[in-house]
Amino acid sequence: MSLEYCVAKAREMPFIRDQKRLFAVVLDKRNRVISEGSNSYTKTSSRQYHAAKRVGMPQKVCLHAEAVALFKSKGKGCKLIVARVDSKGVPCMSKPCDVCMELIRLHGGIRSIEFTV
């Protein structure tokens, strides 16, 4: 499993103006997919809200791709890969925000993070 896989999955997502196309994957130590996730602009989570509040950004309540993948992994996994593409499918910076970094810290098992630049 690689960053290229996440970029390809992000490109498959429909482009909607003013919305980012992000895709995240949580892998185990053998590089097998445990969970996948993409941004949601219509859903939220109390766990995301509490993490956002902890880092002083309570307005960041829409589910981020990293959060979806981490929640689906149910505490398993050791590697997180995140990819973002623009309207033309070109990879962009997808470094996890402070809220997602807090969720990664709370997850406890993630030892490595890869993201597009």
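Take the residues in region 1-45 that are among the acidic types (Asp, Glu) and over 14 Å from the mean Cα position of the chain (by Cα), then tell me which one is farthest from Val90 (Cα to Cα).
Filtering first and then ranking leaves Asp28.
Out of (1) under 12 Å from the mean Cα position of the chain (by Cα); (2) over 10 Å from Val26 (Cβ atoms); (3) among the acidic types (Asp, Glu), what's the single condition that is false for Glu66?
Tallying (1) under 12 Å from the mean Cα position of the chain (by Cα); (2) over 10 Å from Val26 (Cβ atoms); (3) among the acidic types (Asp, Glu), Glu66 fails exactly one: (2).
Under 7 Å by Cβ, and 6 or more places apart or on different chains, what pairs join a residue from region 1-30 that is assigned to a helix (DSSP H, G or I) with one that is surrounded by fewer than 16 Cβ atoms within 10 Å (Cβ to Cβ) and small (Gly, Ala, Ser)?
These pairs meet every condition: Arg11/Gly89.
Working only within region 36-68, note down all residues that are part of a helix (DSSP H, G or I) and of a type in the set (Asp, Glu).
Glu66
Scan region 77-117 residue by residue and report those that are touching a strand residue (DSSP E or B) at 6+ places or on another chain (Cβ under 9 Å) and exposed (fewer than 14 other Cβ atoms within 10 Å of the Cβ).
Of everything in region 77-117, those that are touching a strand residue (DSSP E or B) at 6+ places or on another chain (Cβ under 9 Å) and exposed (fewer than 14 other Cβ atoms within 10 Å of the Cβ) turn out to be Asp86, Ser87, Gly89, Met93, Lys95, Arg111, Ser112, Val117.
Would you say Phe71 is in a strand (DSSP E or B) and surrounded by 15 or more Cβ atoms within 10 Å (Cβ to Cβ)?
No, not satisfied.
Within region 74-92, can you find the residues that are part of a loop (DSSP other than H, G, I, E, B) and not aliphatic (A, V, I, L, M)?
Of everything in region 74-92, those that are part of a loop (DSSP other than H, G, I, E, B) and not aliphatic (A, V, I, L, M) turn out to be Lys74, Gly75, Lys76, Gly77, Cys78, Asp86, Ser87, Lys88, Gly89.
Filter region 4-19 for residues that are within 19 Å of Ala67 (Cβ to Cβ) and touching a strand residue (DSSP E or B) at 6+ places or on another chain (Cβ under 6 Å) and give the result.
Cys6, Lys9, Ala10, Met13, listed by residue number.
Name the residues in region 58-81 that are closer than 20 Å to Met93 by Cα and out of contact with any Phe, Trp or Tyr (no Cβ under 6 Å at 6 or more places or on another chain), would you?
Result: Lys60, Leu63, His64, Glu66, Ala67, Val68, Ala69, Leu70, Lys79, Leu80, Ile81.
Checking Glu66 against (1) in contact with a Leu (Cβ under 6 Å, 6 or more places away or on another chain); (2) without any contact (Cβ under 8 Å) to a residue 60 or more places away in the chain: exactly one of these is not met. Which one?
The number of the failed condition is (1).
Can you name every residue in region 93-117 that is out of contact with any Leu (no Cβ under 7 Å at 6 or more places or on another chain) and either under 20 Å from Arg17 (Cα atoms) or in a helix (DSSP H, G or I) (or both)?
Once the filter is applied, which keeps residues that are out of contact with any Leu (no Cβ under 7 Å at 6 or more places or on another chain) and either under 20 Å from Arg17 (Cα atoms) or in a helix (DSSP H, G or I) (or both), region 93-117 yields Met93, Asp98, Val99, Cys100, Met101, Glu102, Arg105, Leu106.
Sort out which residues of region 45-87 are closer than 17 Å to Met13 by Cβ and touching a helix residue (DSSP H, G or I) at 6+ places or on another chain (Cβ under 7 Å), and write them in order of number.
Matches in region 45-87: Leu63, His64, Glu66, Ala67, Ile81, Val82, Ala83, Arg84, Val85.
Every read-out reported here was derived from the displayed coordinates using simple, explicitly stated rules and does not represent laboratory data. What you see is a predicted model, and the numbers here were worked out from it, not measured in a lab. FYI the Cβ positions are ideal-geometry reconstructions off the backbone, even for glycines, and counts take in every protein chain you see.
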